[in-house]
C-alpha cells in the first residue's frame, strides 16, 4: 500500500555553497558527491522528497542526518537512523526513488510503500 509520495525540485546553482554539505550530509554522502553541485543537488532533493512523503518535513523527529542516501549504480539505497525508524515505524517499508536532472535543476520523486 502506498503511504506517501514526495516530490522536490532544486536549482543546481544553490548547491555551490560547500558550507551546506557539512550541515546536512553524512560523510559517505559527501564522499560520493565529491563537491559536485549536481550530486549535492541530487542528495538534497531525495532527502527533501523523503520527508515530504513521510508528511512531516524536517523537524525534531527527523533531521537531515537521520537519512542516508547511498547511490549504487543507477539507483539509491535509503537508510534511516534507528530513531527515525522507530518514530515512523518504517523498519520494513520501501522507499522508491526516481531522479531526473537538466542543466539547471534536479527533480526527485519518492514513493513510500508499506511492507504489509
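Read-outs: derived from the displayed coordinates by stated rules, not from any lab. Fair warning: this is a prediction, and the values are worked out from it, not measured in the lab. Cβ: placed from backbone, ideal geometry, glycine included. Neighbour counts: every protein chain shown.
Hey, could you get me the Stokes-Einstein D for the chain, Kirkwood radius over alpha-carbon pairs, 25 °C and 0.890 mPa s, rounded to whole µm² s⁻¹?
Values: Rh = 14.2 Å.
Approximately 173 µm²/s, per Stokes-Einstein.
Kindly state, to the nearest 0.05, the FRET efficiency for residue 94 paired with residue 23, given R0 = 25 Å and r defined as their beta-carbon distance.
Numbers: r = 28 Å, r/R0 = 1.12.
My answer for the efficiency is 0.35.
If you line up the long axis of helix 37-54 against the longest principal axis of the chain, both from Cα atoms, how many degrees apart are they, to the nearest 10?
That works out to roughly 20 degrees.
If neighbour count is taken as other Cβ atoms inside 10 Å, put 92, 14 in order from fewest to most. Working shown, then result.
On the way: 92 9, 14 14.
Ordered by Cβ neighbours within 10 Å, fewest first: 92, 14.
Ranking 101, 83 by Cβ neighbours within 10 Å, fewest first, what do you get?
Values: 101 15, 83 12.
Going from least to most buried by this count: 83, 101.
As a footprinting exposure proxy, order 58, 80 by other Cβ within 10 Å, with the fewest listed first. If you can, show how the numbers build up before the last one.
Details: 58 16, 80 20.
Ascending Cβ contact count within 10 Å gives the list 58, 80.
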